[in-house]
1. Conditions first: (1) under 21 Å from the mean Cα position of the chain (by Cα); (2) modelled with pLDDT of 80 or more. SER100 passes all but one, so which condition is the exception?
2. Would you confirm, using the coordinates I've provided, whether LEU136 is closer than 30 Å to MET44 by Cβ, modelled with pLDDT of 75 or more and touching a strand residue (DSSP E or B) at 6+ places or on another chain (Cβ under 9 Å)?
3. May I ask you to list the residues in region 1-42 that are modelled with pLDDT of 80 or more and hydroxyl-bearing (Ser, Thr, Tyr)?
4. Restricting attention to region 107-123, which residues are at pLDDT 80 or above and open to solvent by 60 Å² or more (accessible area, probe 1.4 Å)?
5. Considering each residue of region 20-68, count those that are among the aromatic types (Phe, Trp, Tyr) and open to solvent by 80 Å² or more (accessible area, probe 1.4 Å), and give that number.
6. Counting only residues that are closer than 30 Å to ARG138 by Cβ and in a loop (DSSP other than H, G, I, E, B), how many does region 10-49 have?
7. Does SER62 fit the bill of being under 30 Å from SER46 (Cα atoms) and at pLDDT 80 or above?
Amino acid sequence: NYQTGGGGGGPGPPPPAPPRRHPAGRCEFWLEASAELVRVLETMWSERWYLEALYPKMVQLSMELLSRYGNKIRGLSSRQDGQGSGWDASASPPAWTPASPLVRLARAAADVLQVIVALGEEDSSGPGGSLARLVLDRLPQTGRTARE
């Protein structure tokens, strides 16, 4: 045959196929491992990876932070008064001290209202406050717009 130089009855096995190249990104690689590495890195750093992997985790983390915030605010009402945390008759004009439960709860209520506004107020730019808009603007698109 032609490969061994020997005589024999047939042409022998066909010549080997040229090595296969593996496309990935804008390149072609000889090794499949190289192509796979490039594909994985491109996926990890693409919007697709963010939407598929990070978005759900960030929503979960946001809910956990809101829950912890709620627990902290709820705990303010059960906190014991310390020294100098009541009515200060010697102040001009007389007032509650900054550490008093009434002042703490009033300040907490003001903050909670601000958080609620940031989470959900509708304004001229669309539904949702600034924090909700951050989440909605990155909502994965599945055939509809983020504002629907």
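The values are calculated or read from the model by the stated rules, or taken from the named source; none is laboratory data. Just so it is clear, the model here is predicted, and its values are computed rather than measured. Note that we place each Cβ from the backbone using ideal geometry, even for glycine, and neighbour counts take in every protein chain shown. Heavy atoms of the whole protein, side chains included, go into the accessibility calculation; ligands, DNA and RNA do not. Shrake-Rupley method; radii C 1.70, N 1.55, O 1.52, S 1.80 Å.
1. (1)
2. yes
3. Listed by number, the list holds a single entry, SER34.
4. ARG107, ASP111, LEU113, GLN114, ILE116
5. Step one: filter region 20-68 for residues among the aromatic types (Phe, Trp, Tyr), giving 29-30, 45, 49-50, 55.
Filter once more, so that each one left must be open to solvent by 80 Å² or more (accessible area, probe 1.4 Å): 30, 45, 49.
The qualifying residues number 3.
6. Selection size over region 10-49: 4.
7. Judged against the criteria, SER62 is a match.
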